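First the structure, in the form of structure tokens, and then the observations on it.
Please treat every number below as a calculation from the coordinates, not as lab data. Since this is a predicted model, take the numbers as computed values, not measurements. A quick note on method: Cβ atoms are made from the backbone with ideal geometry, for glycine too, and the neighbour counts reach across all protein chains shown.
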Amino acid sequence: MLHVRSYFNDTMQTESELIEIGVGLLETRKYKKSIEIFTQAIQINPANSEVFELRGIANFRLFSIEEALTDTSKAIEIDSENHRAWYNKGEILKYQAKYEEAEYCYRQADKIYQHSLFYLTGLIETTLAQKKYDESIFFCTQILNEQPADVIALTNRGLAYSLQFNYQAGINDYLKLIEIGKRNSTIYNNMGYWYSKLGQLKKAYNNLSVALQINSTHPYALNNMGYVSYLEGNNVKALELINKSLEIDPSNSYAYKNRALVSLKFGQKDSALNDLHKAKSLGYTEEYGNEVVELLKTEYGIN
């Protein structure tokens, strides 16, 4: 436990004492107070990279994003070998969805401090977000070679494999997650979806059933169970599940595509057309591929 009593008296603290107090406040989530203390330390010594780094963390935790970015950038300007500041800047940029810039920061942190697998987690997430699936898989594998039960690496490598349409490899990683006790609705939902893409409908149904037992309102599990029902020829059940999914999350482009497929089975071409346009407007093509575009072309002659 850090000693913070001196914060409340009038005695002049040294730079190191202020840093100690500020860290104690930061660790106890008193972020505004810690910023005040770190600012005092900066006034004493404006050339200390660590204090700017710490104040940046406090600002980030208060979601003062620009201030956090300014502080971490200043920490790097003072000491370009401050790997923690590089990592923190990467975290801020990732939060802003500036994945390319964030990746650069994580690479700098990893380059400076090569003995830590921790910085690889940032590279895993930013390369995955940029659809650099091979790179993301590589970083995940680096971690898993030393820590075979690492949840972040297994989760993201499974996703990266699936996005390369290597569904079985994704399933294998998620089976390991379940084996080590990591069980939640999203894991079972993803496995159910991947099994459906492999045509293994019984396994898809079983996994999606578990997902819905854990969370009966999981919109993606409802939608994917609807898709499995569609593949099994139970279009009434499929429509019921997909509609329920869209009531919970009306922004899911994949659900509109699936509902269009069911509507086409019912001969409801106008409804299907509306849903295909909705799926396209919500970014289906960018996220999942050309299926909606192909359906518009084959069913309606729309390019």
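Points to keep in mind about this one:
- Entry note, the chain: the mean residue ellipticity at 222 nm calculated from DSSP H runs of n ≥ 4, each adding -39500 (n - 2.57), is -23500 deg cm²/dmol after division by the residues and rounding to the nearest 500.
- Two-site FRET efficiency, Ser16 against Glu81, from Cβ-Cβ distance with R₀ of 30 Å, rounded to 0.05: 0.90
- For the range 21-64, chymotrypsin sites (Phe, Trp or Tyr not before Pro) meeting the loop criterion (DSSP other than H, G, I, E, B) and having at most 10 other Cβ atoms within 10 Å: Phe63.
- Along the range 212-219 the Karplus relation, 6.51 cos²θ - 1.76 cosθ + 1.60 evaluated at θ = phi - 60°, assigns HN-Hα couplings of 7, 5, 6, 9, 5, 10, 5, x Hz to successive residues, with x for each Gly and Pro.
- Calculated P(r) of the range 127-182 - Cα pairs past 19 Å, %: 19
- Residue exposure sequence - His218, His115, His83 - by fewest surrounding Cβ within 10 Å: His115, His83, His218
- Scalar couplings 3J(HN,Hα) for the range 70-77, obtained by applying the Karplus form with A = 6.51, B = -1.76, C = 1.60 to θ = phi - 60°, are 4, 5, 5, 5, 5, 4, 6, 4 Hz; x denotes Gly and Pro.
- For the chain, the longest site-free run once GluC sites (Glu not before Pro) in DSSP loop states with at most 15 other Cβ atoms within 10 Å are removed: 82-231
- Across the range 33-50, coupling constants 3J(HN,Hα) worked out from phi with the 6.51/-1.76/1.60 Karplus curve, θ = phi - 60°, read 5, 5, 4, 4, 5, 5, 5, 4, 5, 5, 5, 6, 9, x, 10, 9, 4, 4 Hz, and Gly and Pro carry x.
- Subset of Lys98/Lys269; Lys203/Lys280; Lys98/Lys237; Lys131/Lys269; Lys131/Lys202 violating a 32 Å alpha-carbon distance limit: Lys98/Lys269; Lys98/Lys237; Lys131/Lys269
- Take every Cα pair under 8 Å whose residues are at least 6 apart in sequence, average their separation, divide by the length of the chain, and the relative contact order is 6 percent.
- If R0 is taken as 35 Å, the Cβ-Cβ distance between Ile214 and Val236 corresponds to a FRET efficiency of 0.90.
- Chymotrypsin sites (Phe, Trp or Tyr not before Pro) lying in DSSP loop within the range 251-303, provided at most 15 other Cβ fall within 10 Å: Phe266
- 10 Å beta-carbon shell around Ser136, net charge (K/R +1, D/E -1): 0
- Sites Lys197 and Phe266 - FRET efficiency at Förster radius 25 Å, r taken between beta-carbons, to 0.05: 0.55
- Our estimate of slack between Gln130 and Ile302, defined as 0.36 nm per intervening residue step minus the Cα-Cα distance, is 58.9 nm.
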